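My structure is below; once you've seen it, I'll send some questions.
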Amino acid sequence: MRQFRVLVVDDEQRILNFLSSKLKASGYEVLTASNGIEALEQVEAQEPDLVVLDILMPKKDGFETLKELRTFSPIPTIILSAKGTNADKVKGLSLGADDYLAKPFSPDELIARIEAVRRRLSPDGKRKIRDQLSLGDLVIDFKKRLVIVRGKETRLTRIEWLLLSELAQNAGSLMLYSDLLTRIWGPEYRDDIQILRTWISRLREKIESEPDNPRLIRTIPKTGYIMDL
């Protein structure tokens, strides 16, 4: 069984060297790229398990790279940014990033974020789940990981699928913000409501007939979400 393979993308060689040594010491196999073009080539050729992607880079910045990456791969991606603004965080998440980490950061925090993604990739198989659920124009086949909206198959990102699965498996029950954040992203994210709102909005755009007036995923103000039966 091969090691978990991480691709680190940054235009600063010292950062690549530093993160490579820290990740290797933690048991990861590490690939590196110094710009977005190299990163996309590495993803196709080496098939890493996760990408750590800097935003400010020459030739193709992190946002452009992530946008192109999402046209052919759902690979988990953690964005790094020296800006650290909320607008950049929302933009990164909207483009399909799984997480966002502002510079400067500690390597231990990055490793903790990577581990959180790994936990999401290996969900607890002991929990009993239903095989299929139909809610109006929405049909979810959990075994095939298939989502049909108004008769057409709809592709979801991994995070969108995990969110939909949690809400659908608990349809009719209120899911607290903290519970959804903990189950999808891990306990260290239980208070990060902004990341949850961003992904719920993306999910609604794909499954709701009127995303601005949602009927499938209902917001319970200051509390959580409920998928109505």
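The values are calculated or read from the model by the stated rules, or taken from the named source; none is laboratory data. Remember, it's a predicted structure, so these values are computed and weren't measured experimentally. As a convention, Cβ positions derive from the backbone with ideal geometry for all residues, glycine included, and neighbour counts pool all protein chains shown.
Of the residues that make up segment 200-221, is at least one assigned to a strand (DSSP E or B), β-branched (Val, Ile, Thr) and either within 29 Å of GLU109 (Cα to Cα) or in contact (Cβ under 8 Å) with a residue 60 or more places away in the chain (or both)?
Scanning segment 200-221 turns up no residue that is assigned to a strand (DSSP E or B), β-branched (Val, Ile, Thr) and either within 29 Å of GLU109 (Cα to Cα) or in contact (Cβ under 8 Å) with a residue 60 or more places away in the chain (or both).
Specify which of the listed residues (GLU160, GLU68) is in the same structural domain as TRP199 (by TED's automatic domain parsing), more than 20 Å from TYR28 (Cβ to Cβ) and either not hydrophobic (A, V, I, L, M, F, W, C) or not in a helix (DSSP H, G or I) (or both).
Within the list GLU160, GLU68, the selection yields GLU160.
Residue check: is VAL117 out of contact with any Cys (no Cβ under 8 Å at 6 or more places or on another chain) and at pLDDT 85 or above?
It is false that VAL117 is out of contact with any Cys (no Cβ under 8 Å at 6 or more places or on another chain) and at pLDDT 85 or above.
Here is a further query. Taking segment 184-196, which residues are under 13 Å from the mean Cα position of the chain (by Cα) and free of Cβ contacts under 8 Å to residues at least 60 places away in the same chain?
Scanning segment 184-196 gives a single hit, LEU196.
Here's something else I'd like to know. Being loosely packed, with under 15 Cβ neighbours inside 10 Å, in the same structural domain as LEU80 (by TED's automatic domain parsing), at pLDDT 85 or above and of a type outside the set (S, T, N, Q): is that true of ASP191 here?
no
A follow-up question, please. Which one is farthest from GLU41 (Cα to Cα), of the residues in segment 69-90 that are surrounded by 17 or more Cβ atoms within 10 Å (Cβ to Cβ) and either in contact with a Cys (Cβ under 6 Å, 6 or more places away or on another chain) or modelled with pLDDT of 85 or more (or both)?
Once the filter is applied, the top-ranked residue is LEU80.
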